[in-house]
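**Student:** After the C-alpha cells below, expect a handful of questions from me.
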Amino acid sequence: MCLGIPGKVVAIYEDNGIPMGKVDFDGILKEVCLAYVPDIQEGEYTIVHVGFAITKLDEKSAQETLALFRELNVLEEELTADEEVAT
C-alpha cells in the first residue's frame, strides 16, 4: 500500500540546494523533500507521498486523517515500509 500521509513540518533545511524537512507523522519523524511546496513553513501540515511533500493541509484535516489511519492500523505500517525492504 502507498498512501499520502499527513504530517507536521518541524524543521526546514537545504541539502545540496534541495529544500528538505523533518516531518512528524504522529510521533514518527521522517526526512521529506519539500521542493513541491516551497512556501511551506515550520508548524504547517503537508501530505507526503513516497518521500515528497505534495500539498499543504490544514491542521484539522491532518488530525482527522491521522486518527482514521490510526484506527485502521495503517499509519506505522506505511511509515516503516521503506525500512523493512530486504537488501
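**Student:** Sum up the charges of everything whose Cβ sits under 11 Å from the Cβ of LEU3, counting Lys and Arg as +1 and Asp and Glu as -1, but leave LEU3 out.
**Tutor:** On the way: positive: none; negative: GLU77, GLU78.
Spelling it out: positives minus negatives among the neighbours equals -2.
**Student:** With a sphere of radius 13 Å drawn around the Cβ of THR65, what net charge do the other residues whose Cβ falls strictly inside it have (Lys, Arg +1; Asp, Glu -1)? Each step should come with its number before you reach the end.
**Tutor:** On the way: positive: LYS8, LYS60, ARG70; negative: ASP26, ASP58, GLU59, GLU64, GLU71, GLU78.
Charge balance in the 13 Å sphere: -3.
**Student:** Filter the trypsin sites (Lys or Arg not before Pro) in region 18-71 to those in DSSP coil with at most 16 other Cβ atoms within 10 Å of their Cβ, and list the result.
**Tutor:** Of the trypsin sites (Lys or Arg not before Pro), not one in the loops of region 18-71 has a Cβ with at most 16 other Cβ atoms within 10 Å.
**Student:** I need to check one value: relative contact order of region 5-84, counting alpha carbon pairs closer than 8 Å and at least 6 residues apart, in percent. Don't skip to the answer; put the middle values down first.
**Tutor:** Numbers: 137 pairs, mean separation 20.5, N = 80.
Once divided by the residue count of region 5-84, the mean separation gives 26 percent.
**Student:** Per Stokes-Einstein, at 20 °C and 1.002 mPa s, what whole-number D in µm² s⁻¹ belongs to region 5-84, with the Kirkwood radius over Cα pairs as the hydrodynamic radius? Numbers along the way, then the final one.
**Tutor:** Values: Rh = 12.6 Å.
Rounded to a whole number, D works out at 171 µm²/s.
**Student:** Report the gain in length on full extension from TYR13 to SER61: 0.36 nm times residue separation, minus Cα-Cα distance, nm rounded to one decimal.
**Tutor:** Full extension from TYR13 to SER61 adds 14.7 nm.
Every read-out reported here was derived from the displayed coordinates using simple, explicitly stated rules and does not represent laboratory data. Bear in mind the structure is a predicted one, so any value in this text is a computation, not a measurement. Heads up, the Cβs are rebuilt from the backbone with ideal geometry, glycines too, and the neighbour counts pull from every protein chain shown.
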